Every structure is written in structure tokens, then in C-alpha cells.
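Engineer: Here it is, the structure, as C-alpha cells.
Nothing in this text is a laboratory measurement; each read-out follows from the coordinates by a stated rule. The structure presented is a predicted model; accordingly, all values stated were derived computationally and were not measured. As a convention, Cβ positions derive from the backbone with ideal geometry for all residues, glycine included, and neighbour counts pool all protein chains shown.
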Amino acid sequence: MTTTEEDARAESAESSLTARKHSIANHTFAGISTGAASLILVTLAAVATFLLIEAWPAIMNSGGEVHDRVDWIDAERGESLVEIIGFLIFGTLLISAIALAIAAPLSTGVALFISHFAPRKLAAGLGYLIDLLAAIPSVVYGLWGAIVVIPVLQPLFSWLGQNLGWIPLFAPDPATGTVSSTGRVALSAGIVLAIMILPIITAVKREVFLQTPLLHQEAALAMGATRWEMIQMAVFPFGRPGMIGATMLGLGRALGETMAVYMILSPGLSYSLAVLQAGQHNTIAANIALKFPETNSSGVSALIAMGLALFLITLLVNMTARWVVSRRAAFSGAN
């Protein structure tokens, strides 16, 4: 056998060994990835099963007779558990909508400034600061909102009630003719929540905008577009799915926020749109935190039923977001 043939066989054997190693590594990685994905689904199913099992006694006795079992339900008002959950869902959605209406446009502006307008050194510092703000615990935001933000906002609330009280959102209390003097209203909670979710949404949008292909931007500028027109023509279409995903991520944070709302809001149960009146709204998460420490076993079951409602709302929001993103991605140029 010649030296050339021996070298060829050695190379063939080495190539075969390398291919087997790659195959084993690929199968191992595929198995780990599949297991991790399956673990997420199993965990989600386990949480849903736990909530359903623990909430089932309250669901089956959600009528008027629940007053005899749940110690924190006011029997004199004649409210059933379903009615209370309805009030809390309304309050949760209202306060989250306020937060999202404030945070979504602001986050887009901040993300665009960091990614396309700010000098490189300033952009790096601002990006780092945004990431730090996203890591601040919610209880810190709650303390800051209760001690600092509310006193600053109270004069604005009074002005809104006096001059724009004819708008249902800013309507004063019919009994007193004024807005809440404490400032612990739904609008305060919505503003603090907006400040909380602003760094999260901004951080995601910033990364999405930075991923816009440079050729798309240069092509728009070469056609004579201004920087703003280039953003409209290239950046926004490419990043629209990511912008939607970032907004829904912030909405999910707002829906489930507990301590900040608990420390700021004066709770109440109603379907009122008056966000400057105290004692009108509450959220599911804040109500659970308020009632859980001193409730009885039936009350715990009722609170878990509320948690199940919040779980379903959050799941629905995320599923809707995924559906919207999947539809928009086909027209964004991101593929």
C-alpha cells in the first residue's frame, strides 16, 4: 500500500470520527433544547392546574352564599365573587392601559434617540442607565411614587379636575365637587407603572432599532430622505414586530404589578372611568396582596380564583401579541 493510500484512509477515518462527534453533539443539543421547551410547557400546565384546583371551591360557590365563607367580602353590599373579580379586572385593565398609553410613545422616542441620534458615548451611557432602571425593584418605585411623585402630581390633578372635569376621566367627586386630596388615585398608579415599564420597553426597542440593516438606512438616505423619513421608511417597518413585542412585554409587567400599586392606590370597587377619584379602582394583584395575610381558607380560595383570572388575562395578552407579531413580521422585512 502506498503512502498516498494510507494518508487517504487516515483522512477518511478522521472525517468519519469527526462526523460522528458532530452528530452526537447535535443530538445532545437537540435533546436539551427539546427538554427545556417541554419543561416550560409542563411548568405552565402545572401552574394552571394548581390555580384551577385551588380556586375550584370558590368558583363552585361564587354566588351570594360566598359571603358566609369569605371573611373579607362585604355582605351588606350584596356583591358576589364574580362581581368583585369583574371590578378588579376593570381596574387592572384601566390602570395598565394608562401606563401603556404613557410609556409606549415615550419609550419609542427614547429608544430612537439612543439608537440613531445620540453621540456614541452618550448613547452607551444612556443604554446602561436604562438597563439599570429596569432592574430596580417594584417596592422602590412604590415608595418613590407614594413619597415623591404623588405630592408633585396633586396640583396637576386639581387643575385637571377644575378645568377638564367635564371629561369623564377627570371628573371630580360628585359629593365634594373636587378630586381626591390625597392623590392616591388610578392616574397616580398608572403614571408610576408607566415609569416602571418604560425602561423595559425602551431596552427592547433600542435593540430592535439597532438591528435594522444598514443597507436599508443608507438606501433611504441615498434617495434624499431626511433622517426622520429614513426612520419612517426603514427603521419602523423593520422593527414593528419587535416594537409590538416590547409593548406587550411592558403590558404584562403592568398587569401583574403588585407592590407599587398596593402602596399608591386607595382601593375601591367600581366600573368608574374617573381616574382622579379615590376609592374607585383596584387591581387583582394588589387586592390579593391586601387581603391574603389575614384571610381564612375560603378567602384564600377566592383570592386564588382572582389569580386564575389574572393568569388567563396575561396568557390572552401574550397569545394576542404573538399572533399580531407573526402577522406583521411577514410585511416588516425582518424575514
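Engineer: Sort through Ile304, Ile313 and tell me the only one that's within 22 Å of the chain's Cα centre (by Cα) and surrounded by fewer than 20 Cβ atoms within 10 Å (Cβ to Cβ).
Structural biologist: The conditions single out Ile313.
Engineer: Can you name the residue in the stretch 179-226 that is β-branched (Val, Ile, Thr) and in a loop (DSSP other than H, G, I, E, B) and, of all such residues, is nearest to Gly127 (Cα to Cα)? Break it down stepwise before answering.
Structural biologist: Step one: of the stretch 179-226, the residues β-branched (Val, Ile, Thr) are 179, 182, 185, 191-192, 195, 197, 200-202, 204, 208, 212, 226.
Now drop any that are not in a loop (DSSP other than H, G, I, E, B), which leaves 179, 182, 185, 212, 226.
Numbers: Val179: 38, Thr182: 35, Val185: 32, Thr212: 17, Thr226: 25 Å.
The qualifying residue nearest to Gly127 (Cα to Cα) is Thr212.
Engineer: Exactly one of (1) free of Cβ contacts under 8 Å to residues at least 24 places away in the same chain; (2) within 21 Å of the chain's Cα centre (by Cα) is unmet by Ser272. Its number?
Structural biologist: If we test Ser272 against (1) free of Cβ contacts under 8 Å to residues at least 24 places away in the same chain; (2) within 21 Å of the chain's Cα centre (by Cα), just (2) comes out false.
Engineer: Is it true that some residue in the stretch 251-260 is over 30 Å from Pro151 (Cα atoms), under 18 Å from the mean Cα position of the chain (by Cα) and either crowded, with 20+ Cβ neighbours inside 10 Å or not basic (Lys, Arg) (or both)?
Structural biologist: First pass over the stretch 251-260, keeping only residues over 30 Å from Pro151 (Cα atoms): none.
There is no residue in the stretch 251-260 that is over 30 Å from Pro151 (Cα atoms), under 18 Å from the mean Cα position of the chain (by Cα) and either crowded, with 20+ Cβ neighbours inside 10 Å or not basic (Lys, Arg) (or both).
Engineer: Identify the residue in the stretch 141-164 that is closer than 21 Å to Ile197 by Cβ and of a type in the set (Gly, Ala, Ser) and, among all such residues, is surrounded by the fewest Cβ atoms within 10 Å (Cβ to Cβ).
Structural biologist: Step by step, filter the stretch 141-164, then rank; the result is Ala146.
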